[in-house]
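Just below is one structure, and these are the notes that go with it.
The values are calculated or read from the model by the stated rules, or taken from the named source; none is laboratory data. Note that the structure is predicted; figures quoted are calculated from it, not measured. Note: ideal-geometry Cβ built from the backbone for every residue, glycine included; neighbour counts use all protein chains shown.
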Amino acid sequence: MGKTNSFFFLLLFSAPFWGCRPDTETKSASDCSEKPYNCHILILLDKSGSIRRSPAMTEDFRRNLALWVADSLGTRGDRIQGVLLHENSLGVTPFLREELRAVCPDPREMRKLGGRDVADVKSKYKREKSAFYRECNRLIKAELDSTNRSATKQHTDLWASLDLMSDFFEDAKPGDRKYVLFISDLEESMKGPGRRDFHANPPKTTAEARKMAETDVLWIKENLDVQEEVIRDAVIRIIPPVGTTDQNNLEFLKRYWERLFRLVGVVQKPEYGFKN
């Protein structure tokens, strides 16, 4: 499964349209306009195949990712986590796990300070936010530039995403926004009793896809830690890499995941591609 850097560049550049800010205007690290809620963004990155690197796309990615991170995460307590999906999805440490801790200066407190003190407080806030953005960008870019050369690339445990979502969103407060970037060709491919291998036996009709989901959810609820009350309000955006899956088969895989997400409690139907 080949995934190009141009694909990931477009994905990350499109992220501000999720609405994790109260407006659509790009902000700099020194701006302070906190939201009344926090955003929690989970990136699930399928690494069952290689990423073909392009220096030009890497540079585009480097230049535009900062805009995406700044527009999506701007309030103290906003979190982002990135996890790899492959044969051992539940057994790996997240490649990205960051929380914004910069404290937006209180205007009332600022009025009590002198000019030099105000400048120091604003400078500290800007430094802390900039450091957060740089670290997010560095970690995501490093993972996109890397290739999975281990045996885990042979199979993909996508069902694990439900467990990962439950775990990550468990700490979210009521009213917080929960977003998932499901970056995958959607082909669950695991061996063993009760498991599903779409490489060997993909769904061929919508009815078959939905029936498979209804069968699989029984194993999932029995064997995974899926917290329906935690993931029910998650907004899931599925991004299938272009050209990795037969388009007819992809449509049936979409119907499978739509049905499966609904069966584990997710209320909103998954979104696809990029918003304009």
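Tell me, which residue of the stretch 89-137 that is among the acidic types (Asp, Glu) and modelled with pLDDT under 85 is farthest from GLY77 (Cα to Cα)?
ASP117
Taking the conditions exactly as written (touching a Lys or Arg at 6+ places or on another chain (Cβ under 6 Å) and either without any contact (Cβ under 8 Å) to a residue 40 or more places away in the chain or in a helix (DSSP H, G or I) (or both)), does ALA142 satisfy them or not?
no
Taking the stated definitions as given, is GLU34 under 26 Å from ASP120 (Cα atoms), modelled with pLDDT of 95 or more, charged (D, E, K, R) and not in a helix (DSSP H, G or I)?
It is false that GLU34 is under 26 Å from ASP120 (Cα atoms), modelled with pLDDT of 95 or more, charged (D, E, K, R) and not in a helix (DSSP H, G or I).
Residue-wise test of (1) more than 16 Å from SER48 (Cα to Cα); (2) among the β-branched types (Val, Ile, Thr); (3) at pLDDT below 95; (4) touching a His at 6+ places or on another chain (Cβ under 6 Å).
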| site | (1), (2), (3), (4) |
| --- | --- |
| LEU181 | yes, no, yes, no |
| HIS199 | no, no, yes, no |
| GLU214 | yes, no, no, no |
| ASP225 | yes, no, no, no |
| ARG232 | yes, no, no, no |
| ILE238 | yes, yes, yes, no |
| THR244 | no, yes, yes, no |
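Report, by residue number, each residue of the stretch 248-273 that is among the hydrophobic types (A, V, I, L, M, F, W, C), in contact (Cβ under 8 Å) with a residue 60 or more places away in the chain and not in a helix (DSSP H, G or I).
VAL264
Looking at (1) surrounded by 13 or more Cβ atoms within 10 Å (Cβ to Cβ); (2) over 24 Å from LEU260 (Cα atoms); (3) of a type outside the set (Ser, Thr, Tyr), which one does MET212 not meet, given that it meets all the others?
For MET212, the exception is condition (2).
Checking the structure you have, find out if any residue of the stretch 149-167 is part of a loop (DSSP other than H, G, I, E, B), surrounded by fewer than 17 Cβ atoms within 10 Å (Cβ to Cβ), at pLDDT below 95 and not aromatic (Phe, Trp, Tyr).
Yes, that holds for at least one residue.
Kindly indicate the residue of the stretch 175-203 that is in contact with a strand residue (DSSP E or B) (Cβ under 9 Å, 6 or more places away or on another chain) and among the small types (Gly, Ala, Ser) and also surrounded by the fewest Cβ atoms within 10 Å (Cβ to Cβ) among those meeting that condition.
ALA200
Select from the stretch 44-86 the residues that are among the basic types (Lys, Arg), within 26 Å of ASP167 (Cα to Cα) and out of contact with any Cys (no Cβ under 7 Å at 6 or more places or on another chain) and write down the one among them that is modelled with the highest pLDDT.
Selected residue: ARG79.
Residue-by-condition table, conditions (1) closer than 26 Å to ASN38 by Cα; (2) of a type in the set (Lys, Arg); (3) over 15 Å from the mean Cα position of the chain (by Cα):
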residue: GLU109; (1), (2), (3): yes, no, yes
residue: SER123; (1), (2), (3): yes, no, yes
residue: LEU139; (1), (2), (3): yes, no, no
residue: LYS153; (1), (2), (3): no, yes, yes
residue: ASP157; (1), (2), (3): no, no, yes
residue: ASP163; (1), (2), (3): yes, no, no
residue: ARG177; (1), (2), (3): yes, yes, no
residue: PHE182; (1), (2), (3): yes, no, no
residue: LEU186; (1), (2), (3): no, no, no
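Testing VAL266 on (1) surrounded by 20 or more Cβ atoms within 10 Å (Cβ to Cβ); (2) within 22 Å of THR152 (Cα to Cα); (3) at pLDDT 95 or above, one condition comes back false. Which one is that?
So the condition that VAL266 fails would be (2).
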